[in-house]
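**Q** Sharing a structure, written as structure tokens. Questions coming.
The values are calculated or read from the model by the stated rules, or taken from the named source; none is laboratory data. Remember, predicted model here, so these are calculated numbers, not experimental data. All Cβ positions, glycine included, derive from the backbone under ideal geometry; neighbour counts span all protein chains shown. We work out accessible area using only protein heavy atoms, side chains counted, and drop any ligands, DNA or RNA first. Shrake-Rupley method; radii C 1.70, N 1.55, O 1.52, S 1.80 Å.
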Amino acid sequence: MKSTARRQSHGVKGAPYGFLLPATILFALFFALPIGYAFWLSLRKVKVSGLGLGSGARKEVWAGLENYTDALTDSELVNGALRVLGYGCIVVPVMLGLALLFALMLDSEKVRLAPFTRLAIFLPYAIPGVVAALLWGFLYLPDVSPFYFVLDKLGLPQPDLLDGGPLYLALSNIAVWGGTGFNMIVIYTSLQSIPAEVYEAAKLDGATPAQIALRIKIPMVAPSLVLTFFFSIIATLQVFSEPTTLKPLTNSVSTTWSPLMKVHRDAFGEGDIHGAAAQAVIIAFATLLLSFGFLRAANRRQKQEAAR
């Protein structure tokens with residue numbers, strides 16, 4: 001009896017690890033292992049002897065931090081990071097602002113056709129990024145866009161959205177159109193979890209709907225806003241499909257417009273897999289650093305507010 005009880009207790013204690021095992025294996029195979037391999041490649045380089053012809057003329061040797069030094073002093077990578085920074089300054093506040101606004105509107109008691117409206121706002125998120133970029137890309141082209149046809153008939157100016165400064169707005173519009181619905185669902189779900197008694201107490205105190213939204217709803221969904229901001233930062237730093245898809249439509253988008261585009265070009269266009277690996281590791285580290293810093297600042301602020 002005692003041995004049976006011991007086996008049962010050991011089985012119960014080991015059950016959580018059994019449930020975690022599949023996820024751990026997938027994490028190791030498809031996340032940790034590729035990162036480790038990329039880091040290993042970043043520490044090596046190809047040494048060419050003579051003209052690089054014949055067996056043994058090209059061999060892989062230890063490079064140390066040489067690839068990282070080259071990446072950090074590469075003006076194309078730095079300029080790409082600055083372009084993504086400007087792109088993110090447009091995308092993140094606009095997308096989260098619209099997501100919060102739509103969530104508050106759908107949470108209102110006076111809203112009509114809420115299920116249909118939620119689906120309509122969320123639907124663009126279900127469209128693949130490449131398809132969305134192609135769709136908007138053709139709407140930006142003067143020769144085929146119905147918008148330019150209407151502007152021409154009305155005698156209004158027809159801006160070129162695929163050149164210069166407007167290009168940032170064009171790319172940002174694609175990201176905002178596709179990502180607002182997901183963030184709205186996250187915030188709306190958080191709003192639905194607020195007890196109705198809180199709203200009733202506020203109404204008894206004479207609070208208006210606007211005051212309830214500003215002083216009760218928004219502060220109580222702050223964790224969801226932090227989460228969506230966190231996801232948005234990661235998505236912004238990894239922007240790739242939108243500028244890559246629009247590149248054949250305009251000369252303003254280079255092969256190094258974003259850092260990930262430069263990594264792709266160096267790895268598969270120029271064959272510099274080791275330098276591209278170093279750049280990828282730098283991008284991953286920068287993403288981790290920014291995300292960790294933001295989460296730490298948000299947690300510190302929440303603790304300060306809780307202590308008041």
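**Q** Where in the chain lies the longest segment free of GluC sites (Glu not before Pro) that are both loop residues by DSSP (not H, G, I, E, B) and have at most 11 other Cβ atoms within 10 Å?
**A** The answer is 110-269.
**Q** Counting helices only, and only those DSSP H runs with n ≥ 4, report the 222 nm mean residue ellipticity of the chain as the sum of -39,500 (n - 2.57) divided by its residues, in deg cm²/dmol to the nearest 500.
**A** -22500 deg cm²/dmol
**Q** For the chain, what does the accessible surface come to per residue with a 1.4 Å probe? Please give it in Å².
**A** For the chain, the solvent-accessible area averages 63 Å² per residue.
**Q** Right, something else. At a 1.4 Å probe radius, carbon and sulfur cover how many percent of the accessible area of the chain?
**A** Solvent-exposed carbon and sulfur of the chain make up 68 percent of the total.
**Q** Tell me the relative contact order for the chain as a rounded percent, counting alpha carbon contacts under 8 Å between residues six or more apart.
**A** The value is 26 percent.
**Q** Ignoring everything but the protein chains, give the 1.4 Å probe accessible area of Ser108 in square angstrom, nearest 10.
**A** About 50 Å², ignoring ligands and nucleic acids.
**Q** Go through [x] 25.5, 96; [y] 19.6, 62; [z] 25.6, 91 and flag the label whose value is the computed Rg and Dmax of the Cα atoms in Å for this structure.
**A** From the options [x] 25.5, 96; [y] 19.6, 62; [z] 25.6, 91, the structure gives [z].
**Q** Run the quick spin-label model on Asp205 and Ile218: label points 7 Å from Cα toward the beta carbon, then report their separation in nm to one decimal.
**A** 1.7 nm
**Q** Right, another one. Which helices, counted as full DSSP H runs in the chain, have an axial Cα extent of no less than 27 Å and a Kyte-Doolittle average of 1.0 or above?
**A** 75-106
**Q** Return a single number: how many Lys pairs in the chain, at a sequence separation of 8 or more or on separate chains, have alpha-carbon atoms below 20 angstrom apart.
**A** Final tally of qualifying lysine pairs is 9.
**Q** On to the next question. Report the net charge of residues surrounding Leu249, where surrounding means a beta-carbon distance below 14 angstrom and charges are Lys +1, Arg +1, Asp -1, Glu -1.
**A** Around Leu249, the surrounding residues sum to -3.
**Q** Additional query: Between the DSSP loop rule and a limit of at most 11 other Cβ atoms within 10 Å, which trypsin sites (Lys or Arg not before Pro) in segment 38-132 are left?
**A** Lys110, Arg112
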